Amino acid sequence: MKLNYAYIVAALIAALPLGSCRSDSGRDELAHHHDHGHDHEAEGHDHEAEEPGHSHESAETGGEADGEILLSPEKGERFGVRVSEAAETPFSEVITVSGQIVPSPSETSVAAARSAGIARLAAGIAPGARVSRGQTVATVSARGMAGGDANESARVAMEAARRELDRLTPLHEEGIVSTRDYNAARQRYDEARAAAGSSTGAGSAATAAGSGVITRLLVNEGQFVEAGQPIAEIAGSKRLTLRADLPEGKAAAAASVSGASFRPSYSSEAVDLDRLNVRRVSGDPYAAAAGGYIPLYFDFDSDGSVVSGAYCEVYLRGAEKGKALTVPLSALSEQQGQMFVYVEAHPGAYQKRPVTIGSNDGHRAEVLSGLKPGERFVAEGVTFVRLAETSDVKPEGHTHSH
């Protein structure tokens, strides 16, 4: 009996450390979620002293702590994160409309038929082909048609008048033919030569009236054309035109439009026309309304980055309305229909702030609420701050990332 009692006491003493370890482990499992195994004593910190739900994620790696998004200044600089101070600057009323880039009327020309006949396109002539001023686009000939080729008839008449003049010239010099008859023969020859022009009997040539790119062919190969009928449209590349479609309901604002910028559908950057030698070319807007819209036209220099025919979003600048708090469009982050900016709490820490946005001119947007002058916000590199915000998604409690 004494032996059995000694064995029971020894077993209870041996079980005490194991029970204590399990109890500590259970408490630790509720307070912390470990995704790795290591010696807690060798770790060098006391888990009992830590607050529940704290994060071991450091500002160096990014994450969020106490509502702040952490991104070290070194990493921010490497990723192009740039901070600016909010300030009020002059801002104009902006009307956002749709529009299109079209060839400039001053740069648009045609190649027209000089006589009636069958049109034959020259080699390489097609939409998109580049041509030079005076280059042959097509030839037109009526040879083989009923009534004959007018050019050939003119050439024959010119040759007959020339032979008659050659016959009368020596006779006039000898006094056999009167000056009156000689002058009449010379007049007939000059008229026939003017009618024939430079024709050689092969028809007339339709040449490009200006240099540029063929935007449209107006006839098909072998089609009959009349004299003066356009065969091809040619658009120059030095000047382009922006057509902005202003709704009729905003017609009163047309007179106050002082400038414009636009963002092509293929680009995320807006183009300011002020730097492209812009000239407003539209006339009275009330006389040009069609289909519920008033077209406003702006002629500008082409810098090679704008594609003719592209559709775009147009920002029409109206009267200046004084100073307003604005931020560059690159500072805005849209999340589920709400706009946000990231405000710098202190170097390496940012707070996401909802803001209400007014109009924008394609470069900057007016902030109606959510940001105050003097506050520092992320102007560039918002994407990397947003990635840092979502890089530390934690379950209940906290995770250790060592």
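The values are calculated or read from the model by the stated rules, or taken from the named source; none is laboratory data. Just so it is clear, the structure is predicted and the values come from calculations on it, not from any experiment. With ideal geometry, Cβ positions are generated from the backbone for all residues, glycine too; neighbour counts draw on all protein chains shown. SASA here: full protein model, heavy atoms, side chains in, ligands and nucleic acids out. Shrake-Rupley method; radii C 1.70, N 1.55, O 1.52, S 1.80 Å.
Structure notes:
- Taken over segment 332-344, the residue count meeting the criterion of being of a type in the set (G, A, S) and touching a Lys or Arg at 6+ places or on another chain (Cβ under 9 Å) is 1.
- All of L316, L329 fail the test of being among the aliphatic types (A, V, I, L, M), open to solvent by 60 Å² or more (accessible area, probe 1.4 Å) and at pLDDT 90 or above, apart from L329.
- The selection criterion, being in contact with an Asp or Glu (Cβ under 8 Å, 6 or more places away or on another chain), hydrophobic (A, V, I, L, M, F, W, C) and under 30 Å from S106 (Cα atoms), does not hold for L325.
- Counted residues, segment 358-373 - those being of a type outside the set (K, R), assigned to a strand (DSSP E or B) and open to solvent by 50 Å² or more (accessible area, probe 1.4 Å): 2
- Note on segment 66-97: among residues that are surrounded by 16 or more Cβ atoms within 10 Å (Cβ to Cβ) and polar (S, T, N, Q), the one that is modelled with the lowest pLDDT is S92.
- Selection count where residues are out of contact with any helix residue (DSSP H, G or I) (no Cβ under 8 Å at 6 or more places or on another chain), farther than 14 Å from N360 by Cα, assigned to a strand (DSSP E or B) and among the aliphatic types (A, V, I, L, M), scope segment 289-325: 1
- G348 more than 30 Å from D245 (Cβ to Cβ), open to solvent by less than 30 Å² (accessible area, probe 1.4 Å) and in contact (Cβ under 8 Å) with a residue 24 or more places away in the chain: yes
- Extreme residue, nearest to T108 (Cα to Cα), among residues of segment 298-313 that are surrounded by 14 or more Cβ atoms within 10 Å (Cβ to Cβ) and touching a Leu at 6+ places or on another chain (Cβ under 7 Å): S308
- Selection from segment 244-268 of residues that are open to solvent by less than 50 Å² (accessible area, probe 1.4 Å) and either part of a strand (DSSP E or B) or modelled with pLDDT of 90 or more (or both): A244, D245, L246, P247, G259, A260, S261, F262, P264
- E334 vs. criteria of a type in the set (D, E), modelled with pLDDT of 85 or more and part of a loop (DSSP other than H, G, I, E, B): no
- Odd one out for D274 among (1) of a type outside the set (K, R); (2) closer than 25 Å to R130 by Cα; (3) surrounded by fewer than 16 Cβ atoms within 10 Å (Cβ to Cβ): (2)
- Qualifying residue in segment 108-118 (condition: on the phi > 0 side of the Ramachandran plot, in contact with a Lys or Arg (Cβ under 9 Å, 6 or more places away or on another chain), modelled with pLDDT of 85 or more and in a strand (DSSP E or B)): yes
Residues are listed down the side, and each one gets a yes or a no for (1) at pLDDT 80 or above; (2) touching a Leu at 6+ places or on another chain (Cβ under 9 Å); (3) open to solvent by less than 40 Å² (accessible area, probe 1.4 Å):
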residue	(1), (2), (3)
A150	no, no, no
R162	yes, no, no
E173	yes, no, no
E191	yes, no, no
T200	no, no, no
A205	yes, no, yes
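- Pairs meeting the criteria (first residue in segment 163-183 and within 21 Å of R193 (Cβ to Cβ), second residue hydroxyl-bearing (S, T, Y) and outside any helix (DSSP H, G or I), beta carbons under 8 Å, at least 6 apart or on different chains) are H172/S178.
- Output for segment 214-226, where each listed residue is modelled with pLDDT of 90 or more and assigned to a strand (DSSP E or B): I214, R216, L217, F224, V225
- Flag if T179 is in contact with a helix residue (DSSP H, G or I) (Cβ under 9 Å, 6 or more places away or on another chain), surrounded by fewer than 16 Cβ atoms within 10 Å (Cβ to Cβ) and at pLDDT 90 or above: yes
- Across segment 340-381, the number of residues qualifying as over 17 Å from S72 (Cβ atoms) and out of contact with any Gly (no Cβ under 8 Å at 6 or more places or on another chain) comes to 20.
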